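Read the structure below first, then the notes.
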Amino acid sequence: MKRQQPERQLQDALCKWLDKALPSGTWYSAIPGGNRSVTTTPGYRSGTSDVMILHDGRAIFLELKAPRKTATKHQRDVHAELALAGSLVATVRSLNDSY
């Protein structure tokens, strides 16, 4: 039986939505993580959010979480560093989340 992956399903749905919804001149990419072959790559920063959007000269980081799940302390620390660097950071649990 295949294990459910709610965050992966959310990421798939979000990326499909972003492909249609983002205005011209806005760029995004998923950031691989949680896979040992990726997370041991030089330059990978543990705790980095799942999706990065570049819009109007600003970086926006989205942390994708299954319902009722929260970011780890390490992820929250990275989110604080990203915010100090001038980025917007948000946790997304569904496509219906609004900010």
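Tabulated data
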{"read-out": "Every residue from region 11-27 that is under 20 Å from R93 (Cβ atoms), exposed (fewer than 12 other Cβ atoms within 10 Å of the Cβ) and charged (D, E, K, R)", "value": "K16"}
{"read-out": "Residue check for R8: open to solvent by 80 Å² or more (accessible area, probe 1.4 Å), at pLDDT 85 or above, more than 15 Å from A90 (Cβ to Cβ) and not in a helix (DSSP H, G or I)", "value": "no"}
{"read-out": "Enumeration of residues in region 46-99 that are among the aliphatic types (A, V, I, L, M) and open to solvent by 30 Å² or more (accessible area, probe 1.4 Å)", "value": "M52, L54, I60, A80, L82, A83, L84, A85, L88, V89, L95"}
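The values are calculated or read from the model by the stated rules, or taken from the named source; none is laboratory data. Please read these numbers as outputs of a predicted model, since none were measured by experiment. Heads up, the Cβs are rebuilt from the backbone with ideal geometry, glycines too, and the neighbour counts pull from every protein chain shown. The protein model used for the area step is the full one, side chains on, heavy atoms only, and it has no ligands, DNA or RNA in it. Shrake-Rupley method; radii C 1.70, N 1.55, O 1.52, S 1.80 Å.
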